[in-house]
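**Student:** Just passing along the structure, written as structure tokens.
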Amino acid sequence: MPCERKPMRYGHSEGHTEVCFDDPGRFIVTCGNDGDVRIWEGLDDDDPKFITVGEKAYSLALKKNKLVTASSNNTVQIHTFPDGDPDGILTRFTTNATHVAFNSNGTRVAAGSSDFMVKVVEVSDSSQQKTLRGHEAPVLSVTFDPIDDYLASSSCDGSVVVWNIEDQTQVISWPLLQKTNDVSNAKSLCRLAWQPGAGKFLAVPVDTKVQLYERGSWDHVGTLSDDLLTQPINVVAWSPCGRFLASGSVGGSLTVWDVNSKLCVERQKHEKGFTVCGLAWHPSGGQIAYTDTEGCLGLLDKLSTSTSDTNATKVTRESHQANYDGLFDDDDDDDRDMDEGLSNTNSPVKKHVVGDDDDDDDFLMPATGRVRNRGAILDDENSVDTGSLKLGQDQFVEDDVRGSIVAPGLAPLVPLRPAYEGPLPTPPQKAFQSGSTPAHLTHRFMMWNSVGIVRGYNDEQDNAIDVEFHDTAVHHAMHLTNSLSHNIADLSQEAVLLACPSTDELASKLQCLHFSSWDTNKEWMVDLPKGEDAKALCLGQGWAAVATSTLMIRLFSIGGLQREIFSLPGPVVCMTGHGEQLLIVYHRATGFDGEQALGVQLLQLGRKKRKIISGEALPLSHRSYLSWLGFTAEGTPCYLDSDGVVRMLNRSLGNMWTPVCNTRETCKSKSDHYWVVGVHENPQQLRCIPCKGSRYPPTLPRPAVTILPFRLPLCQTGTEKGQMEEQFWRSVLFHNYYSFLSSSGYEIDEDEQNKSQKEQQELLMKMFALSCKLEREFRSVELAELMTQNVVTLAIRYASRSRRMALAQRLSEIALEKAGEIQGEGQEEQEEEPEYSSIKKIGKVGRANPFKVRDPNKPSSLSGPRVTNILDNMTSSKKLNALSGSAGKQNKSPVLKPLAPRPKGKSQSTLLQTSATKTAKRKTQERTEEADDQKQADDPPAPSHTDDTENKRAKTGFQLWLEENRKSILADQPDLEETDVIKEAMGRFRTLSAEERLSWTERAKGQTGDAADLKKRKRGKVEENENGQVEAVENSTKKKKALDPSSKLSAFAFNNN
């Protein structure tokens, strides 16, 4: 089918363009992005008539002098043709219609829209409408069955659906396409086409092939493909005779197949390789008009659709093939029979071979000039390829087509190889900047975080960047000219960081506007090495980081000083910073079956740099990808996946990720999503923007931020028990940051911490009461293990008054254990106090920031805006120590900030504790007085008071543990100074379980007791005579209390304090 390709001509402004012929074929009609419909008398018509239908025209259809268009004002309009007079509005949608089509006799119009609906409207009476609902994403295309019983539609949800028009029901749905959220992001327009006449076949473009489905049975009966097609097919169109099918692809390829023989009879290429988005056959069948995404119109002329030409081509090729058939005679008898019977396509020998088992030979055969005998399977409706039952429908289809494609050369058969049928690799997720919208948009958010908003504009009028701060006290708004085409941005309280890709002439650049700098030069720029592009970037407290295309992370100081560089194990996906923390997500491997294999690294970039999470897998929902990555205002890493699940790092659970919210639960529609802009732990808030029918918001009008609550996905949260369990564990998780900030050297608000602990203990007590009511005593004891010693006392009272004496007995044992732990910890911390400074108690300032430190030189402001990063307003003990000056030099002991001890008061002590404490105090006083007398009498004066107290002081459990483990700490980190050794030791000692710490405390007490016994033996008998009686009485009292359980219970149950 030789044809002539006419030169392209300008038709409309750049953008999606469609084309059709009128019924007689006299006019070519096009519509485009400029909102005009143009009527051409031929390709050479330099003054076409035009009709303006709106700002943009997305689709058009023409039948019986009625022109229907889908325009940008969300309507489907009708005009007379060729006069162009408006004839009313057929229907409206809530968003723009994407495709319109007439039925075969021009009485109905079908329209698909971005609001997921398909409408069928009567042209004569537009009030007669049928709405087809069921798609879960914008509709790509619609087409009528020629007999007018069915309608087929394709959608961005990946499905192709056939509808029964009268019943308004789905007949069948095929999941054939790649899912996307908008028509503009779809790989293909997937313009379906039904064969004219009886409508025997429905043609569906799927990637680089066209699948054929049979009307009625809806079976997949064939595939049309071409090895030269490498890009997805956008649009297909049948010839008026119904024998030939033309297609236009994303890469500009134009292909025509003979459907009966499945031969490719014509190939043409767009002269500039632009995407073909519109295709129409002339009613005579001799021309094909096509349009591209640049608004141009083209024509293929002198197409021959007669059957004689095709048959002649086929016979000529078969005669050439016969010369090569002898080469393959020895392969197998079936192939020989097929080659000998080429001329007789309906021979019984051929039909026998079709059902044979050697389909695999041809399935993996490259597309050669060798004609397949089974290529004519569509000629006979009743013929069935039984081989397809063994191989599966898809393999059969591919098998049929590959052998029947015209190719210039002839090649031998490929040897039999097993076909891989396992899971396929998932395309890796591209790098993105968290808090930004897609880069292809002309108006987009380059960054939206808790500091401010960075907007990018790249249209005909302006290429600029606007920076707006939520709190204008940080900085005033900025307008920047984007001459370098920056496409990545980040924003912090200190600076704006921008990056642009490299071009043929210029390197990729990193630009920083350091607006918080105290000097006059507030801007710096750096060029990345040649061949290296910035893929992601972020800002922290005093530093900036950029991830590049060479799998490298480059660190800079906020002033522009180059710092460390290191390599990543895989391509970066996203990166974010907070304070001294850097969180990186990257591809650690190739994912399969729709899964992304992502790894995560969390680094601490303080004075002492360390890796907290080193390359563990990042958990995602099934077949989802990463959508947002960031930190809470308090510094806890968290992220959102495409299924709407928010996960947060649980530091108390060995740095595991805990799901804390599912945004999909609050979405009204499947196409609605939430776009996260910030997370707060105190108060518990997920700040996000609701997006209707999209995954991201538009820049105008300004989106409104909404607040979603957190909820852990525990079981049975509808019950009272489930609700309290969820509240308790959520409170524990969301207050972990206190210990993290304290261990990082920041001063925390003890009032807020105690308030959160009180809330948790109240929930435990409520759950304890509920368990008692349900007679779950074992569960009650489990809850008591989580309580503090004071709350266990209340639990004992509750159990005693509920007459549950066995439970009260067990709880009293737990109370004694906890009292011993507290006493041991209290002794340790009292003895450590001369060496280590305690945590400073800070008052609460402002509602939203419980951690803000009052500066004595500045008046405090309570009416500040929302907290963005609590570290910006906190004082680190490291900085305080550095600024302490001469006072710091005099005190050589290391200044640390251990966790605050649990507060103890008289009202919180039990009777047993009180008596034990009094006895211990009395003994200590006696020993101290006698030791002082003896020392004064026997020993010379001490050289210094400090040495004396150190000699006398008994070793604590921590000091014993440090002596035994000092070598292992120094072996792990030999460069540590004494101060750092003690810091590291304290950190490790706190990670021990309560039982282990108690055992070390007991060992320390044992050593102290032995020393005390030796001293007692050296003392005179006078002391024994004086105090023997008193001690004997006290000891006997103690034994009685220990042996009598009722005395224990009475101590807890009837303590008025």
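**Student:** Does residue 186 satisfy the criteria of being among the small types (Gly, Ala, Ser) and in contact with a Cys (Cβ under 7 Å, 6 or more places away or on another chain)? Don't jump to the end; show me each part of the working.
**Tutor:** Numbers: among the small types (Gly, Ala, Ser): yes; in contact with a Cys (Cβ under 7 Å, 6 or more places away or on another chain): yes.
For residue 186, the condition - among the small types (Gly, Ala, Ser) and in contact with a Cys (Cβ under 7 Å, 6 or more places away or on another chain) - is met.
**Student:** If you check residue 524 against the conditions, is it of a type outside the set (Gly, Ala, Ser), open to solvent by 30 Å² or more (accessible area, probe 1.4 Å) and assigned to a strand (DSSP E or B)?
**Tutor:** Values: of a type outside the set (Gly, Ala, Ser): yes; open to solvent by 30 Å² or more (accessible area, probe 1.4 Å): yes; assigned to a strand (DSSP E or B): yes.
Spelling it out, residue 524 is indeed of a type outside the set (Gly, Ala, Ser), open to solvent by 30 Å² or more (accessible area, probe 1.4 Å) and assigned to a strand (DSSP E or B).
**Student:** Only residues that are open to solvent by 30 Å² or more (accessible area, probe 1.4 Å), over 15 Å from residue 659 (Cα atoms) and in contact with a Leu (Cβ under 9 Å, 6 or more places away or on another chain): list them for the range 726-751, please.
**Tutor:** The answer is 739, 743.
**Student:** Next question, about the same structure. In the range 543-571, how many residues are open to solvent by 10 Å² or more (accessible area, probe 1.4 Å) and out of contact with any Cys (no Cβ under 7 Å at 6 or more places or on another chain)? Don't jump to the end; show me each part of the working.
**Tutor:** Our first condition is that a residue be open to solvent by 10 Å² or more (accessible area, probe 1.4 Å); within the range 543-571, this holds for 549-552, 554, 557-569, 571.
From what is left, the residues that are out of contact with any Cys (no Cβ under 7 Å at 6 or more places or on another chain) are 549-552, 554, 557-559, 561-569, 571.
Residues in the range 543-571 being open to solvent by 10 Å² or more (accessible area, probe 1.4 Å) and out of contact with any Cys (no Cβ under 7 Å at 6 or more places or on another chain): 18 in total.
**Student:** Of everything in the range 783-819, what is open to solvent by 20 Å² or more (accessible area, probe 1.4 Å) and small (Gly, Ala, Ser)? Give them in sequence order.
**Tutor:** 800, 802, 806
**Student:** Looking at the range 975-1007, which of the residues that are modelled with pLDDT under 80 and open to solvent by 60 Å² or more (accessible area, probe 1.4 Å) is farthest from residue 786 (Cα to Cα)?
**Tutor:** Taking the range 975-1007 and keeping what is modelled with pLDDT under 80, we get 975, 1005-1007.
Filter once more, so that each one left must be open to solvent by 60 Å² or more (accessible area, probe 1.4 Å): 975, 1005, 1007.
Numbers: 975: 39, 1005: 26, 1007: 31 Å.
Within the range 975-1007, the match that is farthest from residue 786 (Cα to Cα) is 975.
**Student:** Do you know which of the residues in the range 203-236 that are hydrophobic (A, V, I, L, M, F, W, C) and outside any strand (DSSP E or B) is most open to solvent (accessible area, probe 1.4 Å)? Please lay out each step first, then the result.
**Tutor:** Taking the range 203-236 as the starting set, the residues that turn out to be hydrophobic (A, V, I, L, M, F, W, C) are 203-204, 206, 210, 212, 218, 221, 224, 228-229, 233, 235-236.
Then drop every residue that is not outside any strand (DSSP E or B), which leaves 218, 228-229.
Numbers: 218: 25, 228: 118, 229: 13 Å².
Only one residue tops the list, namely 228.
**Student:** Starting from residues that are without any contact (Cβ under 8 Å) to a residue 40 or more places away in the chain and open to solvent by less than 30 Å² (accessible area, probe 1.4 Å), keep the ones in the range 690-725 and report whichever is farthest from residue 456 (Cα to Cα).
**Tutor:** Quick first cut of the range 690-725, residues without any contact (Cβ under 8 Å) to a residue 40 or more places away in the chain only: 690-692, 701-707, 714-719, 722-723.
Right, trim to open to solvent by less than 30 Å² (accessible area, probe 1.4 Å) and you get 691, 703, 722.
Numbers: 691: 19, 703: 16, 722: 46 Å.
Once the filter is applied, the top-ranked residue is 722.
**Student:** Just one of (1) in contact (Cβ under 8 Å) with a residue 40 or more places away in the chain; (2) crowded, with 19+ Cβ neighbours inside 10 Å; (3) among the hydroxyl-bearing types (Ser, Thr, Tyr) trips up residue 652, so point out which.
**Tutor:** Answer for residue 652: the failing condition is (2).
**Student:** So, residue 32, is that one open to solvent by less than 40 Å² (accessible area, probe 1.4 Å) and at pLDDT below 90 or not? Working first, answer last.
**Tutor:** Numbers: open to solvent by less than 40 Å² (accessible area, probe 1.4 Å): yes; at pLDDT below 90: no.
Considered against the rule, which asks whether it is open to solvent by less than 40 Å² (accessible area, probe 1.4 Å) and at pLDDT below 90, residue 32 comes out as no.
For (1) of a type outside the set (A, V, I, L, M, F, W, C); (2) surrounded by fewer than 21 Cβ atoms within 10 Å (Cβ to Cβ); (3) touching a residue at least 12 places away in the same chain (Cβ under 8 Å), each residue gets a yes or a no:
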{"position": "26", "(1), (2), (3)": "yes, yes, yes"}
{"position": "56", "(1), (2), (3)": "yes, yes, yes"}
{"position": "66", "(1), (2), (3)": "yes, yes, yes"}
{"position": "73", "(1), (2), (3)": "yes, yes, yes"}
{"position": "76", "(1), (2), (3)": "no, no, yes"}
{"position": "81", "(1), (2), (3)": "no, no, yes"}
{"position": "86", "(1), (2), (3)": "yes, yes, no"}
{"position": "90", "(1), (2), (3)": "no, no, yes"}
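**Student:** Continuing with this model, one more query. So is residue 666 under 30 Å from residue 155 (Cα atoms), open to solvent by less than 20 Å² (accessible area, probe 1.4 Å) and of a type in the set (Ser, Thr, Tyr) or not? Please lay out each step first, then the result.
**Tutor:** Numbers: under 30 Å from residue 155 (Cα atoms): yes; open to solvent by less than 20 Å² (accessible area, probe 1.4 Å): no; of a type in the set (Ser, Thr, Tyr): yes.
Judged against the criteria, residue 666 is not a match.
**Student:** Only residues that are more than 17 Å from residue 33 (Cα to Cα) and either open to solvent by less than 20 Å² (accessible area, probe 1.4 Å) or touching a Gly at 6+ places or on another chain (Cβ under 7 Å) (or both): list them for the range 273-285, please.
**Tutor:** Keep residues of the range 273-285 that are more than 17 Å from residue 33 (Cα to Cα), which gives 273, 280-285.
Selection gives 273, 280, 282, 283, 284, 285.
The values are calculated or read from the model by the stated rules, or taken from the named source; none is laboratory data. Everything numeric in this text was worked out from a predicted model, so none of it was measured. Here the Cβ is made from the backbone with ideal geometry for all residues, glycine too, and neighbour counts use every protein chain on show. Each accessible area value is taken on the protein alone, full model and side chains, heavy atoms only, with ligands, DNA and RNA left out. Shrake-Rupley method; radii C 1.70, N 1.55, O 1.52, S 1.80 Å.
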